[in-house]
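The structure under discussion appears below in the form of structure tokens.
The values are calculated or read from the model by the stated rules, or taken from the named source; none is laboratory data. If you're wondering where the values come from, they're calculated on a predicted model, not measured in any experiment. Glycine gets a Cβ as well: all are built from the backbone with ideal geometry, and neighbour counts include every protein chain shown.
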Amino acid sequence: MRGKRMLKTGGLIALWIVVALFLLFPFYYAVVSSFREGSAIFEASLWPANPTFANYEAVMTDQPFAKNILNSLIVAFSVVVLSLGLATFASYAFGRAKFKGRRLLLYTILGVSMFPQVAVLSGLFEIVRLFGLYNNLLSLVFSYMIFTLPFTVWVLTSFMRDLPVEIEEAAIMDGASSWTIVTKVFLPLLAPALVTTGLLAFIAAWNEFLFALSFTLTNEQRTVPVAIALITGASQYELPWGNIMAASVIVTVPLIVLVLFFQKKLVAGLTAGAVKG
Amino acid sequence: MSRRSAIDSARARSAWMFVAPMLIVLALVAAWPLARTIWFSMTNATLVDLTTYDFIWFDNFVVHAEGRWYGIFTDPQWLRALWNTLVFAAVSVSLELVLGVIVALIVNAALPGRGLMRAAMLVPWAIPTVVSAKIWQWMLNDQFGVVNAMLEGAGFIDGPVAWLGGSSLAMVSIIMVDVWKTTPFVALLVLAALQTLPKEIYEAAKVDGIHPVKVFFKVTLPLIKPALVVAVIFRLLDAMRMFDLVYVMTGSSEETMTLSVFARQALVSFQDVGYGSAASTGLFLIIALITVIYIMALKPLGREKAA
């Protein structure tokens with residue numbers, strides 16, 4: 001009996017290791033490749049023989065990669081602040097007030113999240129041009145609302161609904177306005193939900209590619225994903241893989257750290273959004 | 001009673017004020033552009049000048065002129081993209097579902113280090129899609145890629161395989177990368193569902209000596225079905241609009257071109273806003289249709305449960 005159990009546990013651990021290897025190997029290999037330079041990069045070995053930071057230096061000096069990172073940060077932070085701001089107030093109404101058309105509106109908003117991004121591309125092009133925002137980061141902050149607003153509104157609404165009604169009643173009895181209730185009473189209570197949805201919005205904005213590729217033109221205005229996708233070498237067939245891997249590692253490590261740090265909250269947010277959505 | 005109704009009416013009055021800013025932004029970024037895309041799909045507008053165009057009804061979709069058929073519905077490239085998209089969505093979502101459940105069951109075992117395992121599962125999800133595409137493109141490189149080196153070292157292949165070079169292997173590779181990237185997401189959803197299941201059922205089944213496989217199909221699967229249903233619709237909608245992975249890994253190669261890649265190519269690369277908008281509208285309608293069919297198919301299930 002005991003032997004059988006140990007065998008079973010051993011088998012499970014072996015399976016775990018296989019799964020973990022499959023999940024983690026690509027990123028590990030990217031890190032290894034990023035430390036190889038010159039002809040060493042073409043040896044497909046699993047560890048760097050003579051590690052060097054040359055690729056990291058090259059990617060920062062050959063192109064405005066620092067500017068690209070800054071662009072991504074500006075866009076992602078603006079998107080988070082704007083969508084959380086708009087969604088908090090909307091979710092107060094959706095979560096706590098009974099008004100005509102509430103359900104219809106909520107489901108329409110959910111419908112927006114199923115939009116394929118290309119379906120709004122030509123219409124957005126027109127708006128972006130009209131406001132003179134082509135090749136401007138503002139065009140990205142604006143257009144990213146299409147995918148951050150629906151899920152922030154939905155997740156925050158479900159959190160708003162679960163807040164105890166007594167707090168709100170007490171505030172109303174004290175003569176507090178709806179504005180005060182949202183900003184002074186509910187906002188602090190919502191902080192954990194705001195962190196989770198904000199983080200998800202940040203990641204979505206940081207990773208977005210189609211709009212960023214279409215609405216920016218010059219290297220200086222590009223965000224990180226576009227910059228990495230468009231890194232080219234001397235010719236089409238000579239991609240500087242070392243630089244690409246270094247750039248990939250630079251933008252992914254902070255993200256992985258962030259995700260692992262907020263692991264529990266993120267998983268809760270992802271599953272809550274999926275289950276309640 | 002009066003206290004509660006006073007609160008309710010106060011809330012209802014201010015409700016619209018609180019919703020309005022969000023609705024205005026959403027209308028401006030979603031509703032209006034979608035309407036314009038549908039409008040443009042019936043014009044011959046170009047990207048160079050979006051203000052002068054002719055209204056040509058459904059000529060971008062299908063038209064018979066001078067003895068030939070034109071429009072996206074008769075365009076072999078669009079039809080190929082439609083086929084690619086359907087194949088990609090069907091195969092990748094099925095694989096992700098099956099593997100996601102398997103991985104979730106494996107990780108659900110009560111062993112030390114489960115937290116670490118769950119952390120590892122978040123890594124592929126956390127890596128930006130463009131970065132994953134680039135990493136895999138490098139690993140699958142026909143001359144210097146580690147995948148070919150490993151397979152050759154293990155004796156599975158004789159010479160280098162051109163994974164991404166214009167053959168049906170390119171679609172296989174892209175599906176594989178998508179499965180790598182999104183199976184953990186499905187597994188996390190399933191894992192969350194698994195952890196809500198009552199332990200008593202499993203103990204009872206064990207006492208009765210029921211085979212674990214039977215327990216899975218008779219007990220576990222029906223109980224986690226709601227979570228699977230949600231995971232499938234999320235993944236399916238995502239897969240149908242797939243753009244970045246394909247665009248970065250194989251560009252606009254015909255073997256892997258999806259509907260989103262086709263639409264963007266017509267719209268931006270060929271500057272043909274009319275034709276590109278028609279392709280976008282087509283994709284929008286297909287996705288809307290799938291969503292409606294899915295919801296309709298689920299309705300009887302929901303009633304069954306309620307009854």
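Would you confirm, using the coordinates I've provided, whether B:Ala65 is without any contact (Cβ under 8 Å) to a residue 40 or more places away in the chain, aliphatic (A, V, I, L, M), out of contact with any His (no Cβ under 7 Å at 6 or more places or on another chain) and in the same structural domain as B:Thr256 (by TED's automatic domain parsing)?
Working: without any contact (Cβ under 8 Å) to a residue 40 or more places away in the chain: yes; aliphatic (A, V, I, L, M): yes; out of contact with any His (no Cβ under 7 Å at 6 or more places or on another chain): yes; in the same structural domain as B:Thr256 (by TED's automatic domain parsing): no.
The answer is no for B:Ala65.
Based on what the data block shows, is B:Lys225 under 24 Å from B:Ile295 (Cα atoms) and exposed (fewer than 14 other Cβ atoms within 10 Å of the Cβ)? Lay out the reasoning, then the answer.
On the way: under 24 Å from B:Ile295 (Cα atoms): yes; exposed (fewer than 14 other Cβ atoms within 10 Å of the Cβ): yes.
So B:Lys225 passes the test.
Determine which member of the set A:Met245, A:Met173 is closer than 30 Å to B:Trp138 by Cβ and facing another protein chain (nearest Cβ under 9 Å).
Of A:Met245, A:Met173, the one residue that is closer than 30 Å to B:Trp138 by Cβ and facing another protein chain (nearest Cβ under 9 Å) is A:Met245.
Of the residues that sit in the stretch A:160-211 and are farther than 28 Å from A:Phe262 by Cα and polar (S, T, N, Q), which one is farthest from the chain's Cα centre (by Cα)?
Ranking the qualifying residues of the stretch A:160-211, first place goes to A:Ser177.
Mind telling me which of the residues B:Val186, B:Val172, B:Val161 ends up being of a type outside the set (Phe, Trp, Tyr), surrounded by 21 or more Cβ atoms within 10 Å (Cβ to Cβ) and assigned by TED's automatic domain parsing to the domain that holds B:Thr250?
Values: B:Val172 fails: surrounded by 21 or more Cβ atoms within 10 Å (Cβ to Cβ); B:Val161 fails: surrounded by 21 or more Cβ atoms within 10 Å (Cβ to Cβ).
B:Val186 is the lone residue from the list that is of a type outside the set (Phe, Trp, Tyr), surrounded by 21 or more Cβ atoms within 10 Å (Cβ to Cβ) and assigned by TED's automatic domain parsing to the domain that holds B:Thr250.
Only one of these is within 30 Å of A:Lys98 (Cα to Cα), β-branched (Val, Ile, Thr) and surrounded by 14 or more Cβ atoms within 10 Å (Cβ to Cβ): A:Ile167, A:Ile228, A:Ile172, A:Ile244. Name it.
Answer to the check: A:Ile172.
Of all residues in the stretch B:48-74, count the ones that are under 29 Å from A:Arg129 (Cβ atoms), assigned to a strand (DSSP E or B) and charged (D, E, K, R).
Of the residues in the stretch B:48-74, 0 are under 29 Å from A:Arg129 (Cβ atoms), assigned to a strand (DSSP E or B) and charged (D, E, K, R).
Tell me which residues, restricted to the stretch A:93-105, are surrounded by fewer than 19 Cβ atoms within 10 Å (Cβ to Cβ), farther than 20 Å from A:Pro164 by Cα and not basic (Lys, Arg).
A:Gly101, A:Leu104
Have a look at A:Ala229, A:Ala201 and point out the one that is assigned by TED's automatic domain parsing to the domain that holds A:Lys265 and either closer than 13 Å to A:Val75 by Cβ or polar (S, T, N, Q) (or both).
None of the others qualify; the one that does is A:Ala201.
Under the condition of being of a type in the set (Phe, Trp, Tyr) and under 28 Å from the mean Cα position of the chain (by Cα), which residue from the stretch B:132-167 is farthest from A:Glu43 (Cα to Cα)?
Among residues in the stretch B:132-167 that are of a type in the set (Phe, Trp, Tyr) and under 28 Å from the mean Cα position of the chain (by Cα), the one farthest from A:Glu43 (Cα to Cα) is B:Trp163.
Within the stretch B:225-276, can you find the residues that are over 26 Å from A:Thr232 (Cα atoms) and either part of a loop (DSSP other than H, G, I, E, B) or not assigned by TED's automatic domain parsing to the domain that holds B:Ala162 (or both)?
B:Arg241, B:Asp272
Table: residues versus (1) in the same structural domain as B:Gly274 (by TED's automatic domain parsing); (2) small (Gly, Ala, Ser); (3) within 28 Å of A:Val80 (Cβ to Cβ).
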| position | (1), (2), (3) |
| --- | --- |
| B:Ser9 | no, yes, no |
| B:Ser14 | no, yes, yes |
| B:Met17 | no, no, yes |
| B:Ala20 | no, yes, yes |
| B:Leu26 | no, no, yes |
| B:Val48 | no, no, no |
| B:Thr51 | no, no, no |
| B:Phe58 | no, no, no |
| B:Trp69 | no, no, no |
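Rundown of residues vs (1) assigned by TED's automatic domain parsing to the domain that holds A:Leu187; (2) surrounded by fewer than 15 Cβ atoms within 10 Å (Cβ to Cβ); (3) farther than 30 Å from A:Trp154 by Cα, yes/no style:
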position	(1), (2), (3)
A:Ala20	no, no, yes
A:Val31	no, no, yes
A:Phe65	yes, no, yes
A:Asn71	yes, no, no
A:Ala76	yes, no, no
A:Val81	yes, yes, no
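Identify, from the list B:Ile293, B:Ile210, the residue that is of a type outside the set (Asp, Glu) and assigned to a helix (DSSP H, G or I).
B:Ile293
Does any residue of the stretch A:181-192 turn out to be at the interface with chain B (Cβ under 10 Å from one of its Cβ atoms) and at pLDDT below 95?
Yes, the stretch A:181-192 contains at least one residue that is at the interface with chain B (Cβ under 10 Å from one of its Cβ atoms) and at pLDDT below 95.
Residue-by-condition table, conditions (1) within 25 Å of A:Leu124 (Cα to Cα); (2) touching a residue at least 24 places away in the same chain (Cβ under 8 Å):
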site	(1), (2)
B:Ser14	no, no
B:Phe40	yes, yes
B:Asn44	yes, yes
B:Leu47	yes, yes
B:Phe55	yes, no
B:Trp83	no, no
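From (1) more than 24 Å from the chain's Cα centre (by Cα); (2) more than 9 Å from chain A (Cβ to nearest Cβ); (3) more than 26 Å from A:Phe151 (Cβ to Cβ); (4) free of Cβ contacts under 8 Å to residues at least 60 places away in the same chain, pick out the condition that doesn't hold for B:Ser252.
Unmet condition: (1).
Considering only the stretch B:118-127, I want to know if a residue exists there that is of a type in the set (Gly, Ala, Ser), closer than 29 Å to B:Ile287 by Cα and within 14 Å of chain A (Cβ to nearest Cβ). Before you say what the answer is, go through the steps one by one.
At the first step, the residues of the stretch B:118-127 found to be of a type in the set (Gly, Ala, Ser) are B:119-120, B:126.
Now drop any that are not closer than 29 Å to B:Ile287 by Cα, which leaves B:126.
Filter once more, keeping what is within 14 Å of chain A (Cβ to nearest Cβ): B:126.
The answer is yes; a qualifying residue exists.
Of the residues in the stretch B:175-217, how many are of a type in the set (Val, Ile, Thr) and within 30 Å of B:Leu164 (Cα to Cα)?
6
Within the stretch A:127-168, track down each residue that is free of Cβ contacts under 8 Å to residues at least 60 places away in the same chain, within 22 Å of B:Leu50 (Cβ to Cβ) and within 11 Å of chain B (Cβ to nearest Cβ).
A:Ile127, A:Arg129, A:Leu130, A:Phe131, A:Phe142, A:Ile146
Is one or more of the residues making up the stretch A:136-145 in contact with a Pro (Cβ under 9 Å, 6 or more places away or on another chain), in a helix (DSSP H, G or I), assigned by TED's automatic domain parsing to the domain that holds A:Thr271 and not polar (S, T, N, Q)?
No, the stretch A:136-145 has no match at all.
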